[in-house]
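Contents: one structure, followed by commentary.
The values are calculated or read from the model by the stated rules, or taken from the named source; none is laboratory data. Keep in mind it's a predicted model, so treat the numbers as computed, not measured. Note: ideal-geometry Cβ built from the backbone for every residue, glycine included; neighbour counts use all protein chains shown.
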Amino acid sequence: MKQVSVSANNFTDYLVAFVLTGVPFYAFLTVWGSTIVGHYTALRLWDDVLLLIVFVLACWWLAHDRELWKWFTHSLLVRLIAAYTVLTFSLGVVALVKGEVTGEALAYGLLINLRFLVWFLAVFLAGQRSPWLRRTWPRLLLLPAAVVVIFAVLQYTLLPHDFLSHFGYNTATTIEPIETINHNSDYIRVQSTLRGANPLGAYLIIVLSAISVLYIRGRRKLLCVVLGITTLIALYASGSRSAWIGAALSIVFIAWSQLEGRRRRLIFGSIGLAVVVCTVLGYILFKNNARLQNEVLHTQTNTSVKATSNGAHVSALVTGVRDVVQQPFGDGPGTAGPASVYNGTHPARIAEDYYVQVAQETGWLGLILFLSILTLTALELYDQTKVSRLSLITFASLIGIAFVNLLSHAWADDTLAYLWWGLAGIALARPPRKDKDHV
């Protein structure tokens, strides 16, 4: 029996490692694979199938480990996730019975709304059973990241804009091979191996947070500097302004957390205020510059499109907030966000704000539960930031990603959902210590 348990632990570790290293290439592998074997929609579920396997193993552990089950059932975080899950399912059933959501939209909505929370708990339980993930997370995170950022830089500098079309990318059926700003082909946004420029930017918040922490608390500082500069170039090339701000917030917190004494923090705050003032002055002086309008502000005055990305975002957000005010109890999963695209004759509702989407689907109660889950997870991570590099990375990156979700549906992206919540599960796990873990 003990040998079976050890084998199950090892198998689960390898599955989790495979997902964490594979999701940065999720979009690329899925699109390319569909050109070889077809079935693009089915291929998109490979990470979710692995989640199901890990989840089943986690349930098996709970059934056979009394101490683990006792902790699990008494955890406030687990209870909040359970309550949010029950609420989401209940509202989904009601919406389906009332004919407000199709079966396809409901299934997809439930999947993207709940999978990262289930994944978080499953990885946490896997980490509780074995210290292997806690020792190997730097390689699981940074080796794939190096490939992603190098390809992003090449895509921005040397490769032709339609390079990804050779691997099955196309706007009609899979993913567009390149994105532009306000449909201006002179200003491109790269996505590397992710499904879009904004998901790339959100992913790089985690990478930059990790590089910053490893530079401060690690040994290979030159490698961190080189990879950090390359990642910053990739982040700029993504054109994701929300990710730029999110990455800045994360790095600023990491730097601030390393300062000791009131005087140092006062100096740091003064420098930050000076940077903000200089940024505002720069905007005032150069707001009519064509490159600034296109690459940063997305407000080109002579654009031929009827609505800029800024205007479309504001319009979608206002509409989403109006929906929440009119329906405070929510319309059910699949009626808003990316899943609503599959909701039959019902119009898609894309608020471009994940929190508004949660409220549209699960009402004010669902939003409170979801924010409570985020807050409690953040607090538990923050408690360990002094002793755990991974906890500092995940907490700092959560600050940036939480901001990104104000301007997009970032948690709906496979890469971000599986990677961040998987790392958070590893960070909070307390495996048996057979040797000294470098976390």
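Assorted remarks:
Quick grid of which residues meet (1) of a type in the set (A, V, I, L, M); (2) in contact with a helix residue (DSSP H, G or I) (Cβ under 6 Å, 6 or more places away or on another chain); (3) outside any helix (DSSP H, G or I):
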| position | (1), (2), (3) |
| --- | --- |
| 59 | no, no, no |
| 78 | yes, yes, no |
| 82 | yes, no, no |
| 87 | yes, yes, no |
| 94 | yes, no, no |
| 101 | yes, yes, yes |
| 111 | yes, no, no |
| 119 | no, yes, no |
| 123 | yes, yes, no |
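- Checked against (1) crowded, with 21+ Cβ neighbours inside 10 Å; (2) modelled with pLDDT of 95 or more; (3) in contact with a Phe, Trp or Tyr (Cβ under 8 Å, 6 or more places away or on another chain), residue 239 meets all criteria but (2).
- Some residue of the stretch 286-305 being part of a helix (DSSP H, G or I) and modelled with pLDDT of 85 or more: no
- Qualifying positions in the stretch 336-351 - assigned to a loop (DSSP other than H, G, I, E, B) and either more than 21 Å from the chain's Cα centre (by Cα) or farther than 13 Å from residue 101 by Cα (or both): 343, 344, 345, 346, 347, 348, 350, 351
- So residue 400, is it closer than 21 Å to residue 418 by Cα and in contact with a Gly (Cβ under 7 Å, 6 or more places away or on another chain): yes
- Considering the stretch 146-185, the residues that are at pLDDT below 90 and of a type in the set (A, V, I, L, M) include one that is surrounded by the fewest Cβ atoms within 10 Å (Cβ to Cβ), namely 172.
- If only residues of the stretch 360-413 that are polar (S, T, N, Q) and either in a helix (DSSP H, G or I) or at positive phi (or both) are counted, the one that is nearest to the chain's Cα centre (by Cα) is 397.
- Residue that is crowded, with 16+ Cβ neighbours inside 10 Å, at negative phi and either assigned to a helix (DSSP H, G or I) or among the small types (Gly, Ala, Ser) (or both), where the choices are 41, 35, 30: 30
- Tally, over the stretch 323-335, of residues that are over 16 Å from residue 98 (Cα atoms) and touching a residue at least 12 places away in the same chain (Cβ under 8 Å): 3
- Those residues of the stretch 341-364 which are more than 21 Å from residue 242 (Cβ to Cβ) and buried (at least 22 other Cβ atoms within 10 Å of the Cβ), in sequence order: 343, 361, 362
- Residue that is surrounded by the fewest Cβ atoms within 10 Å (Cβ to Cβ), among those in the stretch 90-143 that are under 18 Å from the mean Cα position of the chain (by Cα) and of a type in the set (Val, Ile, Thr): 118
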